[in-house]
1. Could you pull out the GluC sites (Glu not before Pro) across the stretch 1-97 that fall in loop regions by DSSP (anything but H, G, I, E, B) with no more than 11 other Cβ atoms inside 10 Å?
2. Per residue, how much accessible surface does the stretch 1-46 expose to a 1.4 Å probe? Answer in Å², no decimals.
3. Pairs of Cα atoms under 8 Å, at least six residues apart: use those to get the relative contact order of the stretch 4-118, whole percent.
4. Taking amide H positions as placed 1.01 Å from N in the peptide plane, with prolines and chain starts having none, which residues 5 or more places from residue 104, or on another chain, fall under 5 Å of its amide H?
5. Once label points are set 7 Å from the Cα along Cα→Cβ at both residue 13 and residue 46, what is their separation, rounded to one decimal in nm?
6. Given a 1.4 Å probe and every protein chain left where it sits, what share in percent of the accessible area of the stretch 1-133 is carbon and sulfur?
7. What does the charge count around residue 99 come to, taking other residues whose C-beta lies under 10 Å from its C-beta (Lys +1, Arg +1, Asp -1, Glu -1)?
Amino acid sequence: MSKGTILIVEDQQGFRRIYHDVLENDGYEVLEAQDGQEGWEMVQSHKPHLVLLDLGLPKMDGFEVLKRIRENPDTKHIPVIIFSVLGEQKDVKKGLEMGANDYTVKGFYTPRQILSKIKNLMTQVEVKKSVNSYKLRIHDQADDAPLLQNEIGLTQGYHCPH
């Protein structure tokens, strides 16, 4: 049984092969894209559980792929680990600010360490799925209060004593 689907978006076949084998041997289903355009199309069509994303890609760079993933309501929840030779602080900062869940510089981590990062991130995502959080703004006579009460199971309503 598969632990989930991981999409590797990487233009260098050697890196794709190494990580494909490591992930597959650990029980993941692995998809591969060799350029940014193909990667974006596969994210939309397959909705993988995680994307391992290079930045220096032909046709569409990794930053643009990440931007599209985060802007699309159907894909914005998918965890993304940037995996790149671009290790300058400005690149790391940009990737994380754009919504990457992690940023890994090629050559600084072994395939097993990357696998560990993937497992940790996928565990965090599963935990988050089981926790619902709500951000409320309280207004007098709020129209959406009954909807929220129903959503969280307070069908009899809730009255704050204060």
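1. Within the stretch 1-97, the qualifying GluC sites (Glu not before Pro) (loop, at most 11 other Cβ atoms within 10 Å) are 88.
2. Averaged over the residues of the stretch 1-46, the accessible area is 50 Å².
3. Once divided by the residue count of the stretch 4-118, the mean separation gives 24 percent.
4. 82, 83, 84
5. Label at residue 13, label at residue 46, 1.8 nm between them.
6. 49 percent
7. +1
The values are calculated or read from the model by the stated rules, or taken from the named source; none is laboratory data. The model shown is predicted, which means the values in this text are computed figures rather than measured ones. Quick reminder, even Gly has a Cβ in these numbers, built from the backbone with ideal geometry, and neighbours come from all protein chains shown. All accessible areas refer to the heavy atoms of the entire protein, side chains included, with ligands and DNA or RNA removed. Shrake-Rupley method; radii C 1.70, N 1.55, O 1.52, S 1.80 Å.
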